[in-house]
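First the structure, in the form of structure tokens, and then the observations on it.
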Amino acid sequence: MEKNMKKYFPIFLLPTLVSFVIVFFIPFVMGIYLSFTRFTTVENATWVGIENYIKAFTQDENFLNALWFTIKFTIVSVITINICAFLLALLLTRALKGTAFFRTVFFMPNLIGGIVLGYIWNLLINSILGIFGYDITYSADYGFWGLVFLLNWQLIGYMMVIYIASLQNIPSELNEAARIDGATPFSILRHITIPMVMPAVTICLFLTITNSFKLFDQNLALTGGAPARETSMLALDIFNTFYGRIGWQGVGQAKAVVFFIIVALISFIQLKITSRKEVEN
Amino acid sequence: MKKILSILMAIMIIATVFTGCNRNENQGATQQNSDGKTTVRFLNFKPEIATVYDEIAKAYNQETGNTLIVETAASGNYEQTLAAKMGTNEAPTIFQINGPKGYANWQDYCADLSNTELYKHLTEKSLAVTVDGKVYGIPYVVEGYGIIYNKEITDKYFALKEKSTEFKSMDEIKNFDSLKKLVEDMQKNSEKLGIKGVFASTSLKTGEDWRWHTHLANIPVYYEFDENDVDLSSDATKTINFKYSENFKNIFDLYINNSTTDKKVLGSKIVDESMAEFALGQCAMVQNGNWAWSQINGIDKNTVKAENIKYLPIYMGVDGEEKQGLCIGTENFFAINSKASEQEQKVAADFIYWLFSSETGKKFVNERLEFIAPFDTFSDEERPKDPLAQEVIKWMNNADVTTIPWNFTVFPSQTFKEDFGASLLQYAQGTKNWEQVKADFTKSWKNESQ
């Protein structure tokens with residue numbers, strides 16, 4: 001059986017491999033190639049070297065602004081999402097009435113598409129700011145906190161479910177033993193719960209970092225970059241570069257490659273760091 | 001045995017994947033049906049009339065046997081859709097460019113149209129997109145914009161006892177000063193007139209601000225280019241001083257200060273809302289073009305009567321503007337894909353000529369598409385009946401006024417327009433002063449013209 005498996009594994013792998021190559025690998029390589037060209041459609045590209053990369057950083061201040069805005073946004077939202085999700089998970093793993101109901105409720109926002117969420121929150125935030133005679137486009141701060149709030153609302157439930165699964169895996173003997181030894185609830189949390197859920201922290205950090213970095217539809221629907229592109233994040237800026245200027249498609253593509261490298265690098269470093277902290281059960 | 005079987009299976013799976021691709025390529029290359037009839041694709045720009053094009057395709061198929069496949073890009077997504085489709089086997093044969101700038105982007109795909117029947121029948125040859133004597137875009141619809149007003153409300157104002165102006169009819173409004181006096185006094189009396197404000201909301205949400213960053217900005221740019229005798233196809237369009245910025249400010253201030261909406265919240269208003277306000281009689285005036293008729297007419301409980309919808313030129317205090325007319329022009333040009341097969345290109349040219357010359361086609365154009373078509377195949381009676389189109393034709397044929405062309409087709413890029421729209425929003429919200437707006441305008445124009 002084992003031997004047979006080995007013999008046939010290329011054949012069973014083939015369909016997946018073929019579709020992976022067609023829908024991911026080829027477009028990816030083409031994308032990198034296009035970032036070095038000037039093109040209107042993928043078929044009529046002419047080679048221009050690294051000109052696009054130079055333009056992306058020198059002639060277009062929007063890119064660096066968007067990068068800075070995205071970094072600020074990611075830091076704030078990753079911290080808030082994970083803290084809130086973890087606290088909720090702690091609360092909802094207690095023996096309380098209706099925990100199953102609340103878990104469902106908190107998870108539900110995650111099932112709604114980003115663009116819809118963006119428009120809904122746009123209406124909600126505008127109607128509140130409207131009382132004071134403003135709207136979300138008035139200041140970049142409103143847009144920033146609106147986005148943070150929106151992403152929190154959307155992702156907390158999802159992260160909470162992961163944390164709950166992990167919390168429930170902690171053997172109850174550990175907690176009991178600690179309590180008999182006279183540990184306070186805080187030191188149980190500090191020395192047992194948190195080390196035991198580190199694998200979940202790794203996953204949740206990874207998901208929240210990449211999701212915040214790559215945020216697009218929520219950004220487009222909630223602020224659209226207003227005022228004056230101050231709230232446009234990297235993905236939206238790439239989109240606008242691609243379609244906003246004639247002959248700048250290549251620059252958009254170059255920005256996208258840089259974007260990919262940044263996201264890959266950050267999530268790689270994060271995975272390295274947090275997985276080192278995981279403890280064996 | 002089993003081994004051979006599974007290898008065979010694997011090969012078959014791969015084979016089907018690749019034959020799938022192959023078949024498509026073949027179709028893409030010829031697009032010819034077995035009976036010698038040809039299929040052409042058209043990527044439509046105007047979503048509001050997408051269903052009409054389906055009927056046209058059916059009628060065209062019945063009369064000629066050729067198949068026309070019409071696809072429509074979502075509002076504001078034409079360039080994206082076109083770029084995505086051009087790279088595929090189902091690339092459109094007929095597509096649309098928005099003027100010289102659009103041509104610059106799609107020049108590898110635009111066929112020379114100077115020998116087509118449709119171009120020969122174009123009444124105003126200067127409207128076409130021409131480079132070095134070759135024609136790459138044929139305008140197929142002429143549109144006009146200005147300030148649309150509801151005569152019922154202005155008449156009500158003229159009959160008002162409390163009014164503090166001397167005006168008795170809209171014919172007396174011939175320049176910015178009179179317009180300003182009228183509007184400000186109407187705003188004071190808005191309760192008695194039963195309106196929320198004189199002007200509909202100045203929609204400044206991103207993507208909904210084209211009425212200002214493109215249409216309204218056209219007028220100061222026109223005056224500046226006109227004064228300097230700028231050749232629109234030359235590099236002289238690459239710099240601008242925004243000399244008439246004060247005039248732009250005049251009218252823009254008038255719009256945002258005498259509106260249904262507080263100017264601080266204009267950043268979330270969209271065009272549909274403005275048109276709804278006008279249709280429901282909540283405001284007396286709105287700046288827009290004749291394409292807006294379907295929006296006005298399509299709103300439930302629309303209170304505006306067709307015979308009361310009139311146009312006023314956009315006055316902004318330029319010398320001699322008493323003779324100014326509406327802004328009439330086009331940014332809709334047919335282009336034919338030069339990479340399609342010759343047969344397809346020929347049928348594509350036949351189709352656009354058929355649409356604007358055959359009895360069936362002309363009927364669709366006048367009654368359903370409601371285009372003012374710039375071709376001599378149409379007689380004076382064969383014109384759309386909707387009130388705004390009628391008004392545009394009336395202004396166009398009025399020899400006493402100068403029509404302002406659509407010079408915004410040479411605006412440097414979409415990014416320029418978006419940046420200017422964003423500046424206008426910040427100005428309306430009070431976070432940017434006019435000097436900065438003006439500086440941004442010239443700076444962005446220069447950057448984007450490179």
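Each of A:Thr241, A:Leu207, B:Asn115 was scored by the projection of its Cα onto the charge dipole of the protein assembly as shown, and the greatest displacement toward the positive side belongs to A:Leu207; charges sit on the C-beta of Lys, Arg, Asp and Glu. Ordering B:Leu369, B:Thr402, B:Ala422 by the projection of their Cα atoms onto the charge dipole of the range B:335-450, which places +1 on the Cβ of Lys and Arg and -1 on the Cβ of Asp and Glu, puts B:Ala422 at the extreme positive end. Computed from Cα positions, the angle between helix B:50-64 and the longest principal axis of chain B comes to roughly 50 degrees.
Helical content alone sets the calculated 222 nm signal of the protein assembly as shown at -16500 deg cm²/dmol, taking -39,500 (n - 2.57) per DSSP H segment of four or more residues and averaging over every residue. Note on the range A:197-258: the C-alpha convex hull projects to 5.2 nm² when averaged across all orientations. In the frame of its principal axes, the range A:1-40 has Cα extents of 54, 13, 8 Å, reported largest first.
Using R₀ = 22 Å, calculate the FRET efficiency as 1/(1 + (r/R₀)^6) where r is the Cβ-Cβ separation of B:Glu48 and B:Glu124; round to 0.05. The computed FRET efficiency comes out at 0.30.
Annotation: the residues B:Thr431, B:Thr415, sorted from fewest to most other C-beta atoms within 10 Å of their own C-beta, follow the order B:Thr431, B:Thr415. Rounded to the nearest 20, the size of the Cβ-charge dipole of the range A:65-276 about its Cα centre is 260 debye, with Lys and Arg at +1 and Asp and Glu at -1.
Given points 7 Å out from each Cα along the Cα-Cβ axis, report the A:Ile194 to B:Lys346 separation in nanometres with one decimal. Between A:Ile194 and B:Lys346, the simple spin-label model gives 7.9 nm.
Among the trypsin sites (Lys or Arg not before Pro) within the range A:60-109, those in coil by DSSP and having at most 11 neighbouring Cβ atoms inside 10 Å are A:Arg94, A:Lys97.
Which is the longest run of chain A containing none of the GluC sites (Glu not before Pro) found in DSSP loop states (not H, G, I, E, B) with at most 16 other C-beta atoms within 10 Å?
With GluC sites (Glu not before Pro) excluded where exposed in loops, chain A gives A:44-277 as its longest stretch.
Between helix B:342-357 and chain B there is an angle of about 40 degrees, using the helix long axis and the longest principal axis of the Cα atoms. If you plug the beta carbon distance of A:Phe102 and A:Ile79 into 1/(1 + (r/R0)^6) with R0 = 22 Å, you get a FRET efficiency near 0.45. Mean per-residue shielding of peptide B:411-420 is 4, counting Cβ atoms of other chains within 10 Å of each Cβ. Pairs over the 23 Å Cα-Cα cut-off, from the set B:Lys46/B:Lys243; B:Lys310/B:Lys432; A:Lys55/B:Lys46; B:Lys417/B:Lys443; B:Lys180/B:Lys446: B:Lys46/B:Lys243; B:Lys310/B:Lys432; A:Lys55/B:Lys46; B:Lys180/B:Lys446. For the residues A:Leu234, A:Leu14, A:Leu189, a GNM of chain A with alpha-carbon springs under 10 Å puts the largest fluctuation on A:Leu14. Under 16 Å of direct C-alpha separation, and excluding same-chain neighbours fewer than eight residues apart, B:Lys125 reaches these lysines: B:Lys134. Projected label points at B:Ile69 and A:Ala165, each 7 Å from Cα along the beta carbon direction, are separated by 4.2 nanometres. So which DSSP H runs in chain A come out at 20 Å plus along the axis (Cα) with average Kyte-Doolittle of at least 1.6? Answer set is A:61-92, A:114-131.
Note on B:Lys363 and A:Thr46: the model spin-label points, each 7 Å out from Cα along the C-beta direction, lie 4.9 nm apart. A compact globular protein would have a Cα radius of gyration near 2.2 N^0.38 Å; the ratio found for the range A:1-156 is 1.59. The mean number of Cβ atoms from other chains found within 10 Å of a Cβ in peptide A:203-209 is 0, as a whole number. Every Cα-Cα pair of chain B was included, and the share exceeding 42 Å stands at 22 percent. Rounded to the nearest 10 degrees, the angle from helix B:387-396 to the longest Cα principal axis of chain B is 80 degrees.
Applying 1/(1 + (r/R0)^6) with r as the Cβ-Cβ distance of A:Asn175 and A:Ile71 and R0 = 51 angstrom yields a FRET efficiency of 0.85.
By the Kirkwood approach, averaging reciprocal distances over each pair of separate Cα atoms, the range A:65-276 gets a hydrodynamic radius of 19.0 Å. Could you let me know the centre-to-centre spacing of the range B:371-386 and the range A:200-267, using Cα atoms, in angstrom? Here the two parts' Cα centres lie 47 Å apart. Highest GNM mean-square fluctuation among A:Ala100, A:Ala226, A:Ala254, for chain A modelled with Cα contacts below 10 Å: A:Ala100.
Each distinct pair of alpha carbons in the protein assembly as shown adds a 1/r term; the inverse of their mean, the Kirkwood radius, is 29.5 Å.
Loop-located trypsin sites (Lys or Arg not before Pro) in the range B:206-275 (DSSP state not H, G, I, E or B) with no more than 15 neighbouring Cβ atoms inside 10 Å: B:Lys243. Across the options B:Ser341, B:Thr72, B:Val40, the greatest Cα extent toward the positive end of the charge dipole of chain B (unit charges at beta carbon of Lys, Arg, Asp, Glu) belongs to B:Thr72. Of all lysines in the structure, those lying under 23 Å Cα to Cα from B:Lys305, and not within fewer than 8 positions of it along the same chain, are B:Lys151, B:Lys156, B:Lys168, B:Lys192, B:Lys196, B:Lys385, B:Lys394.
Laboratory data are not the source of any read-out in this text; all were calculated from the coordinates shown. Keep in mind it's a predicted model, so treat the numbers as computed, not measured. Backbone-built Cβ (ideal geometry, glycine too); neighbour counts: all protein chains shown.
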